[in-house]
Each structure stands twice: as C-alpha cells, then as structure tokens.
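The structure appears right after this line, and notes come after that.
The values are calculated or read from the model by the stated rules, or taken from the named source; none is laboratory data. Predicted model, so just to flag it, every value in this text is computed and none were measured. Positions of Cβ are backbone-derived with ideal geometry, glycine not excepted, and every protein chain shown enters the neighbour counts. Accessible surface is based on the protein model in full, side chains and every heavy atom, while ligands, DNA and RNA are left aside. Shrake-Rupley method; radii C 1.70, N 1.55, O 1.52, S 1.80 Å.
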Amino acid sequence: MKKLLTTIVMTLAFGIWTSSIYAQTRIALISQINGVSYASDLAIQKHLQSKGYQVELFDQSVSPNSLKNTELVIISSTVASKNLQSGWRQLPIPLMTWENDYLDDLAMTGKRIDTDFGEVEKERYLWLVNAPHPLSAHLSAGTQNVYKAQAPMSWGKPGLGATTIATIYGQPEKVAIWGYEKGATMDYESLAPAKRLMFFLNNETFTNLSEGGLKLFDAAIQWSLNQ
C-alpha cells in the first residue's frame, strides 16, 4: 500500500511539474487576424492552450524583432507572405510553418514554384519515411491517413541538411514534413539559426486532421521546443 501511495504521489508530482513547464512555454502564432481563415488559427491556439502552452496570436504585420520571451514561432499559411516583415529567416528562435509560398524566403527551399514548393489540391495520405525519429510521433513507417477527408496539403523540396519525415503519398519528391536542426545547411548555403520545421497543413485544414495527423502536429511542436 505504501509503495502504491508513493507511486501515485510521484505520478501527480510529475504531472504538475510537466504542466508547469508547458505553462511557461510561450508560442507566437503569426496569422492574418480578421482574415477569412482566421478561425482555423484560433482552433490551433485553443488546441495548444489545451496542452498547457501559452499561445499568443500576432498579426502578419508584427516585426520578428519585437517578439520577446518566445520559445517558438509558428507562421500560419493564413498570412499573405508578401505582407510579412523581413527578419524571419535570421530569427534565432525555433520556427514552424506551413506557408509553402514563404519557404524560399526562409531559405528552407529553392525559389521555383511547383518545383521547390507548392501544394496538392486533394490528398489524405502521407508516406512516413523516418519512423524512428521523434517527429514521427511513434507512428509506423509507410502509409498514414492524416486527414479525415481529402484536402489541400503543402509541400516543399528541402535542402540536403534537412531531416525528412514524410512525403506526399505516391509523390516522394514532395516532402510534407521535414526539419532542420540548428546549424544545419538549408538552401542557398544558409545555416539554420535555430530549428526550422515545415508541416503539411493548409489554411483551413487543422480541424481536418485525423488522430494520426494530430499526433504528428503535436510531435512537431514538441520537437521544435526540444521537449
């Protein structure tokens, strides 16, 4: 009985400690506030808050240099990339995005539309190629159903320094999830100033994620934050 009580107390203490760490973790979500797809970013904020993270929404006009005490920046595809201020590429903070039209500006891919980056209009499946990696969320290698229904997916063709996790099903040249470790060589011989991660979402597809897709999303957040 004493051993059982000790185990329960330790488990509760660990849970409180973990929640405390997440509560101190600040995430900046860059959105087009009041845009047509803003509700999708609100859903992402709510999901991350349910995990214990502090998440603040910023409009696309925000200066990257104004973000203080932030552990992770997420640039949603709801932004108009031409309206983003300069400085995101050099930001020494982990950055995650699914805005494929901004990947070249971040030096995460080359500049050719539909060759180095783009989107597919309708898809549900990814091909998981790096299952042992933490970004794979402990899912099995091979085909993974990541959407509840067919929907657009963003993709890119990363540089040689990237860790590739998944590609669009049947189109191995179109990478759906990849990451750069800090210091890794991206495109244009640029070195990643901090972790960089590309995820396959589109403007309004977060709420369409399947159970497996949501696990991959959560794993992407945790990897970016070194958790």
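Selection of segment 160-183 for residues being over 18 Å from the mean Cα position of the chain (by Cα) and either among the aliphatic types (A, V, I, L, M) or crowded, with 17+ Cβ neighbours inside 10 Å (or both) yields LEU160, TYR169. Can you find, within segment 44-58, the residue that is surrounded by the fewest Cβ atoms within 10 Å (Cβ to Cβ) among those that are over 14 Å from ILE30 (Cβ atoms) and free of Cβ contacts under 8 Å to residues at least 24 places away in the same chain? Residue satisfying both the conditions and the ranking: SER50. Here the condition is being touching a Phe, Trp or Tyr at 6+ places or on another chain (Cβ under 9 Å) and surrounded by fewer than 17 Cβ atoms within 10 Å (Cβ to Cβ); of SER66, SER77, SER61, SER86, it holds for SER66 alone. Which one is least open to solvent (accessible area, probe 1.4 Å) among residues in segment 114-138 that are over 11 Å from GLY156 (Cβ atoms) and among the β-branched types (Val, Ile, Thr)? Filtering first and then ranking leaves VAL120. Condition check: modelled with pLDDT under 95 and closer than 26 Å to THR25 by Cβ. Does PRO92 satisfy that? In short, no. SER61 satisfies every condition listed in (1) in contact with a Gly (Cβ under 7 Å, 6 or more places away or on another chain); (2) free of Cβ contacts under 8 Å to residues at least 60 places away in the same chain except (1).
Among the residues of segment 204-227 satisfying the criterion of being of a type in the set (Val, Ile, Thr) and touching a strand residue (DSSP E or B) at 6+ places or on another chain (Cβ under 8 Å), which is nearest to VAL79 (Cα to Cα)?
THR205
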